[in-house]
Structures are given as structure tokens and as C-alpha cells.
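Q: This structure is in C-alpha cells; I'll ask about it shortly.
The values are calculated or read from the model by the stated rules, or taken from the named source; none is laboratory data. All values derive from a computational prediction rather than experimental measurement. All Cβ positions, even for glycine, are placed from backbone atoms using ideal geometry, and neighbour counts span all protein chains on display. Ligands, DNA and RNA are excluded from the accessible area calculation, which covers all protein heavy atoms including side chains. Shrake-Rupley method; radii C 1.70, N 1.55, O 1.52, S 1.80 Å.
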Amino acid sequence: MDPVAIVTGIRRVGYEIAKDLLSKGFNLTVVYKSSKDKVKELQRLAEKKGRKVLALKIDLRDEDPQVIVDETLKTFSRVDALIHLASPYYRTPLSNISKEAFYDHFKPIAEAFYFMALAFYRASMKNEGPIKGRIVAFGDWAVEKTPYRGYSSYFIAKGALHSAVKVLAKEFAPDVLVNCIALGPTLKAEDLSEEEWQKILRNTPLKRPVSLRDVLDLTMFLLRTESMTGEILFLDSGRHIAGSGVGSVG
Ligand SMILES: NC(=O)c1ccc[n+]([C@@H]2O[C@H](COP(=O)([O-])OP(=O)(O)OC[C@H]3O[C@@H](n4cnc5c(N)ncnc54)[C@H](OP(=O)(O)O)[C@@H]3O)[C@@H](O)[C@H]2O)c1
């Protein structure tokens, strides 16, 4: 049977991952909030390749993520992988802190991940073989090293996501493998000027953005590995070894 992956957050990096998975024989459930255009493109591509994309319009701040796994099972009768990229990213300066902005980050990034991963784990237990499923979360290199000033809601949520990866890797072993890609500068965030973006790239030892090819290859590795779990992998053009503080954008 063709493998089935759930991908949340398909606007940019998630879109590239979804396309790659389709070309590698996966059927997909994609979770989106506003990126209907990307859904249509993925569905067109899937049709060409004889695959299927189930699109679920879900705001991960308010909906129970159990529905994502339930709908996936209804459509495909199985689920093999969960790739969680959905994440807001905007400044929350201390002068303008609100519970709303905090939960706007925390719910989709961390809380939804935890409950989605639990639902995924239970569903994948009926899969054959010693490894029942694999989970890949997208974190951020700066959480572990030097969070940017002015983004506290985002970084607290991503920190909880990194913790959830380690905690769940232990809880789900030996059946489901859980890992995290702590991404560095890959695609410019909308709220950054071109000048800020170039400064960020100059502050990476490799002086260039993370390549999408590497993101796709590492994701695929984590969807195939038999012996890695609980890892937070820095894919960041070496930014984490550049030293503390340098390159902060806040
Ligand atoms: N790009 C980088 O350089 C970079 C650097 C470090 C870490 N990362 C991490 O890598 C991942 C992908 O990055 P990206 O740049 O491709 O992200 P992006 O373009 O900013 O897209 C964010 C995605 O999150 C989804 N999303 C946000 N809030 C949501 C909610 N409440 N419910 C459901 N979906 C929600 C959006 O859905 P809709 O589009 O459907 O609204 C969108 O697809 C993210 O986790 C990001 O934090 C990226």
C-alpha cells in the first residue's frame, strides 16, 4: 500500500516537501489555514502522478487535531508519517505583549503538535512492521542557542515543540520515531527587510541560506531512518556555531 503522510503548513517549505513526497509515492493529507492556491497546485500535481491529496482547512488554534487523523484514516485507511510545519512568525515586543498573541503561536506550534502526535501514534499502531510511524517537526535553530529579542511568543512555543519532540520520542519508542529539524534561514520572512535578511545570511558561517534540497533530503532521511529518535537537528548553514548574540534581528 502507498504510504500516507500528514503535512501541516504548506505555504512555502511545506509546499516543497509535499511536492517531493508526492513524487516519492506518498498520498497526502495537507492541513491549511489560508493557502488554498497551494492546495490546488498540489491536487493538480497529485492527479498527474496518480496520487491523492486530502485537503483539510483547519485553524490549529481552535480545532481538535484528532479530526486530522480521523479524516486521514477515513480516506486512506492508514497513516505513516506526520510532518508539522504550521507556525506563525511575527514580532511580539514586550511593549505590546498579549495573551492572544501568545496563544496565537503556542496553540498551532506546540499544543496542536502534541495532540496531533498522540492521535497519530494511536492510529499508526495498527501498521505492520517494528516501526509503525515517523514524526518530523520543524523547529528553529535559535531556540536552543540565541533566541531573537522581540519574538518571545514564537520562541517559547518553538521551545515547547523541541521539548515535545524529545518527550514523545521516549513515550512512543520503540514504535514511532520522533525528530525535529531546527531550521535556520531558508526563505526570507515577510516582516524582514532585504537588508536584514542579507545580514542574517552574512552571519551564517556558510554565508548562504539553507538549501531547499537539503531540507527535502533531511526530511526524507527522517522518514526512512530506523535508528534515530528524539533528535533536534540543526540545518542552519552553521549559524549555531557562529556565536551568541551576533545576527539577532530584534
Ligand atoms: N523559512 C525559514 O527561513 C525558517 C527559519 C526557521 C524556522 N522555520 C520553520 O520552518 C517551518 C516552515 O517555514 P516557512 O517559512 O515555510 O513557513 P511560512 O511560509 O511562514 O508558513 C507558515 C505556515 O503555517 C501555517 N499556519 C500558521 N498558523 C496556522 C494555524 N493557526 N493553523 C493552521 N496553519 C497555520 C500557514 O498556513 P496557511 O498558509 O494555510 O495560512 C503556513 O502554511 C515553520 O515551522 C518555521 O517556523 C523556517
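Q: Tell me the angle of helix 152-172 to the major Cα principal axis of the chain, expressed in degrees between 0 and 90 and rounded to the nearest ten.
A: 40 degrees
Q: Can you give the extra length, in nm with one decimal, that the chain gains between Phe221 and Val167 once fully stretched, where that is 0.36 nm per residue apart less the Cα-Cα distance?
A: Computed gain between Phe221 and Val167 is 17.3 nm.
Q: Rolling a 1.4 Å sphere over the protein heavy atoms, what is the accessible area per residue of the chain, to the nearest Å²? Before the final figure, lay out each step's value.
A: Working: 11760 Å² over 250 residues.
It amounts to 47 Å² per residue over the chain.
Q: Another question about this same structure. Nearest 10 degrees, 0 to 90: what angle lies between the long axis of helix 13-23 and the longest principal axis of the chain (Cα atoms)?
A: Taking the Cα atoms of the chain, the angle to 13-23 is about 30 degrees.
Q: May I pose another question? How big is the charge dipole of the chain about its Cα centre, in debye rounded to the nearest 20, if each Lys and Arg gets +1 on its Cβ and each Asp and Glu gets -1 on its Cβ? Intermediate values should be presented prior to the final figure.
A: On the way: 37 positive and 31 negative charges, 95 e Å.
So the dipole magnitude of the chain works out to roughly 460 debye.
Q: For Ala101, what charge total do you get from the other residues with a beta carbon under 14 Å from its beta carbon, if Lys and Arg give +1 and Asp and Glu give -1? Please list the in-between numbers first.
A: Values: positive: Arg61, Arg91, Lys99, Lys107; negative: Glu100, Asp104, Asp191.
Net charge around Ala101: +1.
Q: Using 0.36 nm times the number of residues separating Asp64 and Trp197, minus their current alpha carbon distance, what extension gain do you get?
A: Result: 44.3 nm gained on full extension.
Q: Ignoring ligands, DNA and RNA, how do Lys166, Lys99, Lys126 rank by accessible area with a 1.4 Å probe, largest first?
A: Lys99, Lys126, Lys166
Q: Separate question: Among Glu190, Glu226, Glu41, determine the one that fluctuates most according to a GNM of the chain built with springs between C-alpha atoms less than 10 Å apart.
A: It is Glu190.
Q: Still on this structure: Under a 1.4 angstrom probe, counting protein chains only, how are Arg134, Arg239, Arg61 ranked by accessible area, largest first?
A: Output order, biggest surface exposure first: Arg61, Arg134, Arg239.
Q: Taking the inverse of the average 1/r across all pairs of different Cα atoms in the chain, what Kirkwood radius in Å do you get?
A: For the chain, inverting the mean 1/r across all distinct Cα pairs yields 18.4 Å.
Q: Using only helices, what value at 222 nm comes out for the chain when you add -39,500 (n - 2.57) per DSSP H run of length 4 or more and divide by the total residues, to the nearest 500 deg cm²/dmol?
A: One gets -12500 deg cm²/dmol as the mean residue ellipticity at 222 nm.
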